[in-house]
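Read through the structure below, which is laid out as structure tokens, and then see the notes.
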Amino acid sequence: MSLRVAVAGAAGRMGQTVCAAVEGADDMELTGRADPALGVAVADVLADADVLVDFTTPGTAVENARAALAAGVHVVIGTTGFDVDELRGVGGANVFVAPNFAIGAVLMMRFAVEASRHMAKAEIIELHHDTKIDAPSGTAKRTAELMDGDVPVHSVRLPGLVAHQEVILGDVGQTLTIRHDSTDRTSFMPGVLLAIRKVGDLPSSPLVGLEHLL
Ligand SMILES: NC(=O)c1ccc[n+]([C@@H]2O[C@H](COP(=O)([O-])OP(=O)(O)OC[C@H]3O[C@@H](n4cnc5c(N)ncnc54)[C@H](O)[C@@H]3O)[C@@H](O)[C@H]2O)c1
């Protein structure tokens, strides 16, 4: 039986890409597109869904997730800039959150964590399109949290960019730069589809980070 998937933020840049990816997956069915821009509320799509995928805004992700959980619908959240702690202890179904669904970004974070154990200091430069609402990015915040030491983050917002991050580590007489570039939103889709398949079967909830599903 195919997984029934509804998307919150379906008219947005990420939401549209997720809808197309779900429609292209053999084991999934797109059952709802919720977005104020489409005149459809999240509450209207929950009855027909096993999983709600949320790519909305920091101010609405928690409310959408709470509504889904109350309806027994699992939630995959890609929205950044909200506080995951607000979903702790809320039962009913599972929550999976990833600040970055691109495999290359997950590897960048892992390599940066490893490098931070061996080099004196590090800083992060994250670069995104100029309509991104939150700064610093969820990916940069999470990378800095996972790395050793105090890691300052610098944010660049410019047209022409999608999602990019550079971790620069410095030590005596040398630097190491680890860089990841998402040049297209399709880079996030294998990770999103994986999370949709696995969210019903998590070891704990809310679970944060794609690395836990790989
Ligand atoms: N985790 C990742 O890998 C990843 C990758 C890219 C972007 N993001 C994040 O995804 C989020 C969305 O990014 P975007 O570029 O698609 O933004 P966007 O502005 O293009 O789309 C957001 C959409 O959400 C809709 N929306 C607002 N309130 C809503 C509600 N209550 N219910 C349903 N829909 C609602 C808006 O109308 C809009 O269409 C941002 O937080 C961004 O940082 C995460």
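The values are calculated or read from the model by the stated rules, or taken from the named source; none is laboratory data. Nothing here was measured: the structure is a model prediction, and the numbers come from that model. Neighbour counts are summed over all protein chains in view; Cβ atoms, including those assigned to glycine, are modelled from backbone coordinates with ideal geometry. Protein only, heavy atoms only, side chains kept; ligands, DNA and RNA dropped before computing areas. Shrake-Rupley method; radii C 1.70, N 1.55, O 1.52, S 1.80 Å.
Taking residue 180 as meeting all but one of (1) open to solvent by 20 Å² or more (accessible area, probe 1.4 Å); (2) closer than 16 Å to residue 101 by Cβ; (3) in a helix (DSSP H, G or I), write down the number of the exception.
Residue 180 satisfies every listed condition except (3).
How many residues are open to solvent by 70 Å² or more (accessible area, probe 1.4 Å) and either closer than 16 Å to residue 97 by Cβ or more than 16 Å from the ligand (Cβ to nearest atom) (or both) when one looks only at the range 123-145?
Number of matching residues: 3.
Does residue 169 satisfy the criteria of being open to solvent by less than 30 Å² (accessible area, probe 1.4 Å), at pLDDT 95 or above and over 17 Å from residue 99 (Cβ atoms)?
Criteria met by residue 169.
Quick one: residue 131 ticks every box in (1) of a type in the set (S, T, N, Q); (2) in contact with a helix residue (DSSP H, G or I) (Cβ under 7 Å, 6 or more places away or on another chain); (3) assigned to a loop (DSSP other than H, G, I, E, B) bar one, so which box is it?
Failing condition for residue 131: (2).
Each row is one residue, and each column tells you yes or no for (1) near the ligand (Cβ under 7 Å from one of its atoms); (2) loosely packed, with under 14 Cβ neighbours inside 10 Å; (3) within 16 Å of the chain's Cα centre (by Cα); (4) not in a loop (DSSP other than H, G, I, E, B).
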site: 56; (1), (2), (3), (4): yes, no, yes, no
site: 64; (1), (2), (3), (4): yes, no, yes, yes
site: 67; (1), (2), (3), (4): no, no, no, yes
site: 72; (1), (2), (3), (4): no, yes, no, no
site: 79; (1), (2), (3), (4): yes, no, yes, no
site: 82; (1), (2), (3), (4): no, no, yes, no
site: 86; (1), (2), (3), (4): no, no, no, yes
site: 89; (1), (2), (3), (4): no, yes, no, no
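Of the residues in the range 27-45, how many are open to solvent by less than 60 Å² (accessible area, probe 1.4 Å) and assigned to a helix (DSSP H, G or I)?
2
Suppose we filter 101, 111 for residues that are modelled with pLDDT of 95 or more and not in a loop (DSSP other than H, G, I, E, B); which single one remains?
111
When you go through (1) in contact (Cβ under 8 Å) with a residue 12 or more places away in the chain; (2) farther than 22 Å from residue 56 by Cα; (3) out of contact with any Ser or Thr (no Cβ under 6 Å at 6 or more places or on another chain) one by one for residue 109, which number turns out not to apply?
Here residue 109 meets the rest and fails (3).
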